[in-house]
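Note sheet for the following structure.
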Amino acid sequence: MLNSRLTYLTSFRKLQLIVITYDTVAVCLAWIVSYLARYNLSPWMDWQSCLGTLPITIIVQNIVFIWCGIYRGMWRFTSIPDVINVTRAICYGTLSITLVLFLISRLNGVPRSVLLLYPLFLLLFLIGPRLTYRIWKDRRFNFDTHTNNYKRVLVLGAGRAGHLLVKDMLDGSSYLPIAFLDDQSDLIGRQVRGIPVIGTITQLVEIVSQISIDVICIAIPSASSAQMERIISLCEQAKIPYQSLPRLRELLDQSSVKALREVAIDDLLGRDEIPLDKKDIKKNFSKKSLLISGGGGSIGSELCIQLASLNPTALIIIDNNEYRLYRIELELIQKFPKLNLYIYLCDIYDKSGIQRILTQHQPDIIFHAAAYKHVPLLEKQARQAMRNNVLGTQQIAEAAAQAECRTFVLISTDKAVNPTNVMGASKRITELICQNLNRNYPKTRFIVVRFGNVLGSTGSVVPLFQKQIASGGPVTVTHPEVTRYFMTISEACHLITQAAVLGKGGEIFVLDMGKSIKVTDLAKQMIRLSNQGLNREIKITYIGLRPGEKLYEELFYPNESPIMTQIPKILLARSDTINWESLKKELLKLEAIYQTEDEQKITKVLYSFVLEFHP
């Protein structure tokens, strides 16, 4: 790194020396040309006066140039402030030269008109080349412009993001911006960094047919999912490849060519930015010992990364999958080298193991994300669903209460509402366990957070569809009318941490999932996004609902009237709890039947335990 720094400084000083040399030559030329102009270009002008005063002019003018700092800028980025600074340096230089010559010789032999002409010629010699170089670099004024070395770009969005993107393109990339389109009619006819705004986004198809474009760049990071869907539809009609800047929450003001990426399904399904109370979140998690069960999974690993950024005193991760543990450990060590990280390969049903970990670390807050979630698979594995989801949750929740952990957050699912499958029924039981433990252990706040599907999680339809599309199809959907709620993993985890701060204990928080989406529409959108520039047809095949699946999911029971909280995306479901003693009896019955390894008996107990369970 030191060598590269020295190389950069050496290169920069060489460039500065070249610029100083040019400016010195420009001063000489301006002074001589001023004399020639004064004597009507006559070769018999007063050369003695001209050349005699030239050394003084060069020395004084260069001192003023250095004092005004005109060598701090670069020709490549010459702008109006640079022009003003050069003009100021020339004016100060002319006044200083006049003063010095007056003190030395009372301006004897120096025509007064020379002192008026000199700054004009010098301004021309200094500003002209600088602006010419800037324009040449910005507009790529060379013969390569119309070759395949550059992609001709139509930029959608002439706002700040578009402005910064075009600036980055012009600074040196394989992209050549040709024009902007923007829906603000008052921008049409104007220029942004010399690139014209030639129409609205609605006119995209018509405009693309009139000018040669290689790629469309979408520079509207604030666009809603509906706006993105409209733009993508127009891009597809234009039959031109397209790319996009990330959404606002990902962008962090880096509207550069490097930030350009293919349009992702998240862009079409994403929602508005979440208004979180970040100060309150940091206050509640900073300097705290945090434990995440299932920390190697999709939700668990994202929680680990978000919580690690909040400066906890320790981050403890439990998972029963060694590869996932290894992967999240490696990522956290790379991103947070100073983090106090503890990794445990442990099953949450391992009572003594869980108690040992909690006794050793005394975590302040536990996020319980460990669970089996694959609906069709668990229909034939009811015993394992009970062991991990129900009995395992009971073990870690009771251990948390006994260790007087301050907060226990259960990650639940919309499948726990009116469940039609073993997985959903098992998660409903865990909700009841946490609600009742909250009444019996007042030193620990038990909070439940319930939400729907997350995009890209292990076992979700998105990775499956991506694989099927990559292999040429068909894309398999269970039913034409099946709908699901979707949310990004990052958004879900942000809201989980916010709910953990909001909760007083005993609540079931439900994340606002927006509108449910037809899985068929999701498949169609993913096929559309993958087909850029490819002339191929990928079919959708309907295979029928799998065991345990239903056409639509619900977020609330009929008796759970949703209540708004201070965070718009988090709702509160007020529900009744059942008697703790009867709950414990049912749990003991479940554990006894689990030992018999009788799948049918376990399912029957579920019927009696979760009255809403209707397979």
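The values are calculated or read from the model by the stated rules, or taken from the named source; none is laboratory data. Note that this is a predicted model, so its numbers are computed, not measured. No Cβ is skipped: glycine too gets one built from the backbone with ideal geometry, and neighbour counts run over all protein chains shown. SASA here: full protein model, heavy atoms, side chains in, ligands and nucleic acids out. Shrake-Rupley method; radii C 1.70, N 1.55, O 1.52, S 1.80 Å.
Figures for the structure shown
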item: Extension reserve of the GLN191-LEU120 stretch, reckoned as 0.36 nm per residue once the Cα distance is removed; result: 22.6 nm
item: Coordinate range along principal axes, alpha carbons of the stretch 386-485, Å, largest first; result: 55, 25, 23
item: Heavy-atom accessible area ranking, 1.4 Å probe, most first, across THR132, THR476; result: THR132, THR476
item: Furthest towards positive pole of dipole, GLN394, ALA425, LEU345, structure part the chain, Cβ charges; result: LEU345
item: Acute angle (nearest 10 degrees) that the helix 160-170 long axis makes with the longest principal axis of the chain, alpha-carbon atoms; result: 60 degrees
item: Segment LEU54-ILE127, length gained on full extension (0.36 nm per residue, minus Cα span); result: 24.2 nm
item: Cβ-based charge dipole, the chain, positive-most Cα from LEU17, LEU165, PRO129; result: LEU17
item: Solvent exposure ordering (accessible area, 1.4 Å, most first) of LYS287, LYS504, LYS338; result: LYS338, LYS504, LYS287
item: Calculated FRET value between LYS282 and ARG88, using beta carbons and R₀ = 51 Å, to 0.05; result: 0.65
item: By accessible area with a 1.4 Å probe, ligands and nucleic acids excluded, highest first: order of LYS335, LYS515, LYS283; result: LYS515, LYS283, LYS335
item: Gain upon complete extension [SER582, GLN306; 0.36 nm per residue less C-alpha separation]; result: 95.5 nm
item: About the Cα centre, charge dipole magnitude for the chain (Lys/Arg +1, Asp/Glu -1 at Cβ), debye; result: 1460 debye
item: Solvent-accessible area of LEU95 with every protein chain in place, 1.4 Å probe, in Å² to the nearest 10; result: 120 Å²
item: Using alpha-carbon coordinates, inclination of helix 2-38 to the longest axis of the chain, degrees; result: 30 degrees
item: Space enclosed by the convex hull of the alpha-carbon atoms of the stretch 155-202, per residue, Å³; result: 61 Å³
item: On Cα atoms only, tilt of 298-308 relative to the major axis of the chain in degrees; result: 60 degrees
item: Calculated [θ] (222 nm, deg cm²/dmol) that DSSP helices of n ≥ 4 give over the chain, each run adding -39,500 (n - 2.57); result: -15500 deg cm²/dmol
item: Surface accessible to a 1.4 Å probe, ARG439 within the full protein complex, Å²; result: 140 Å²
